[in-house]
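The next block holds one structure in the form of structure tokens; read it before the comments.
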Amino acid sequence: MVSHLVNTIRNVVGITGNVISLFLFLSPVPTFVRIWKKGSVEQFSPTPYLATLINCMVWVIYGLPMVHPNSTLVMTINGTGTAIEFAYISLFLIFCPDKKKGLKVLLIVLVELIFIALVTTLVLTLVHTTERRSMVVGIIAVLFNITMYASPLSVMRLVISTKSVEYMPFFLSLASFGNGVIWTTYAFLPFDPFIAVPNGLGTLFSLAQLLLYAIYYKSTKRIIATRKETKMELNLSEVVVVSGDIDHKKTGGVP
């Protein structure tokens with residue numbers, strides 16, 4: 001009776017985790033809409049998307065029935081995440097003005113795909129029980145999951161140095177926090193250290209990002225407002241100069 005109740009709660013939490021994870025994967029959409037409109041990736045970093053891609057692919061392997069049985073919810077949401085991250089990275093490559101940077105991103109994706117193919121092949125051919133497969137892939141998944149959650153640290157340094165959160169998407173941080181909390185809960189029904197450890201750490205990383213938003217939100221508004229005022233003044237001065245040149249020509253060059 002207790003076991004059945006725990007399994008029911010686990011499934012409910014897992015489905016909730018799938019929904020929140022989907023929000024996490026879709027949270028960068030406003031960022032890429034901005035990139036699309038401006039035709040440039042500006043100072044946005046590809047690191048979070050590359051880290052999330054390799055993380056999702058490893059968790060798909062972990063969720064396979066022949067690796068870790070009864071983990072369909074883990075496999076389905078990470079399969080969806082893999083497709084979404086491929087879409088983001090493709091857009092990043094299209095709108096990246098720096099060709100060398102774009103080539104570097106493309107090479108990293110290629111290395112990630114080769115790595116996943118090797119891990120899948122070696123685990124399924126050399127490791128012969130689901131317990132051992134779960135352990136091997138689980139350890140790898142923990143490392144990449146921590147990398148995914150820690151990937152915004154470079155952006156956090158930028159935030160602290162510029163006192164602006166403009167290039168650290170808020171909804172990505174919020175969704176990461178919710179995702180960490182729900183999957184940490186899922187990991188205790190029953191206890192799965194490979195899910196609990198990275199998602200527990202991920203909750204802390206995401207909380208740190210949200211705290212930075214609270215600290216630098218007002219200064220970001222001031223910086224953006226100042227930038228707009230400066231741009232308007234520059235545009236106005238250009239209009240005045242052009243107008244003066246026209247008047248000067250009309251008077252035959254007489255001041």
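The values are calculated or read from the model by the stated rules, or taken from the named source; none is laboratory data. These figures come from a predicted structure and were not determined experimentally. Every residue, glycine as well, gets a Cβ built from its backbone with ideal geometry; the counts of neighbours run over all protein chains shown. In case anyone asks, the SASA skips ligands and DNA or RNA and just uses the protein heavy atoms, side chains included. Shrake-Rupley method; radii C 1.70, N 1.55, O 1.52, S 1.80 Å.
Computed values, structure above
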{"read-out": "Residue match in the stretch 54-61 (condition: part of a loop (DSSP other than H, G, I, E, B) and open to solvent by less than 60 Å² (accessible area, probe 1.4 Å))", "value": "no"}
{"read-out": "Residues that are under 21 Å from residue 158 (Cβ atoms), of a type in the set (S, T, N, Q) and over 15 Å from the mean Cα position of the chain (by Cα), drawn from the stretch 10-42", "value": "40"}
{"read-out": "Positions within the stretch 96-125 being surrounded by 14 or more Cβ atoms within 10 Å (Cβ to Cβ), at pLDDT below 90 and either touching a Lys or Arg at 6+ places or on another chain (Cβ under 7 Å) or not small (Gly, Ala, Ser) (or both), in sequence order", "value": "96, 101"}
{"read-out": "Some residue of the stretch 126-138 being open to solvent by less than 80 Å² (accessible area, probe 1.4 Å), of a type in the set (A, V, I, L, M) and under 17 Å from the mean Cα position of the chain (by Cα)", "value": "no"}
{"read-out": "Those residues of the stretch 62-94 which are in a loop (DSSP other than H, G, I, E, B) and modelled with pLDDT of 90 or more, in sequence order", "value": "64, 65, 66, 67"}
{"read-out": "Matching residues in the stretch 139-164 - criterion: being assigned to a helix (DSSP H, G or I), crowded, with 16+ Cβ neighbours inside 10 Å and either of a type in the set (Val, Ile, Thr) or out of contact with any Gly (no Cβ under 9 Å at 6 or more places or on another chain) (or both)", "value": "140, 141, 142, 144, 146, 147, 155, 156, 158, 159"}
